[in-house]
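Values quoted throughout were computed directly from the atomic coordinates according to the rules given, and no laboratory measurement underlies them. For clarity, every value in this text was computed on a predicted model and none was experimentally measured. Cβ coordinates were reconstructed from backbone atoms using ideal geometry, including for glycine residues, and neighbour counts include every protein chain displayed.
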Amino acid sequence: MKTKKSTVTFASLPDTITPYDYAEWRGIGENKAREIFNSKGFPRIEGVGVKQLADKRAVYLHELGLSEEDKKEVLKEMARQII
């Protein structure tokens with residue numbers, strides 16, 4: 001898979017991202033981003049109809065390949081920093 005150089009940073013992404021945002025960030029095509037959004041285990045937000053949305057932090061943790069237990073710990077730490 002050929003990727004293009006992305007100028008979008010994780011910090012600049014909105015909290016809720018679409019396949020288009022994901023494609024821009026990862027430097028991939030929008031079709032590939034939609035394929036990834038539809039893949040098993042991808043942390044899409046459910047209950048938003050046909051919209052494809054995901055929380056950027058959940059996507060980042062998913063891409064790191066962390067175990068569910070490690071993801072929970074990282075999310076707890078993020079929550080502590082927000083509060």
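Our summary gives the chain a relative contact order of 25 percent, counting only alpha carbon pairs under 8 angstrom and 6 or more residues apart. Please identify, among Leu13, Leu64, Leu53, the residue showing maximal mean-square fluctuation in a Gaussian network model of the chain using a 10 angstrom Cα cutoff. Looking only at Leu13, Leu64, Leu53, the biggest GNM fluctuation is shown by Leu64.
Pairs of Lys residues in the chain, spaced 8 or more positions apart or belonging to different chains, with C-alpha separations under 21 angstrom: 15 in total. Model label sites at Tyr20 and Val8, defined 7 Å from Cα along the beta-carbon direction, differ in position by 0.9 nm.
For the chain, compute Rh as the Kirkwood radius over C-alpha pairs and then the Stokes-Einstein diffusion coefficient at 25 °C and 0.890 mPa s; write the answer in µm²/s, rounded to an integer. D = 180 µm²/s.
Can you compute the modelled spin-label distance between Val48 and Glu68, with each label point 7 Å from Cα toward Cβ, in nm? Placing both labels 7 Å along Cα→Cβ, they lie 2.3 nm apart.
Our summary gives segment 30-74 a relative contact order of 25 percent, counting only alpha carbon pairs under 8 angstrom and 6 or more residues apart. Each residue of segment 72-83 was assigned a 3J(HN,Hα) from its phi angle through the Karplus expression (A = 6.51, B = -1.76, C = 1.60, θ = phi - 60°), giving 4, 5, 5, 5, 4, 5, 4, 4, 4, 6, 6, 6 Hz with x at Gly and Pro. With the cut-off at 1.5 for a/c, could you classify segment 1-49 from its C-alpha gyration tensor as rounded, prolate or oblate? Oblate, because a/c is 1.5 or more while a/b does not exceed b/c.
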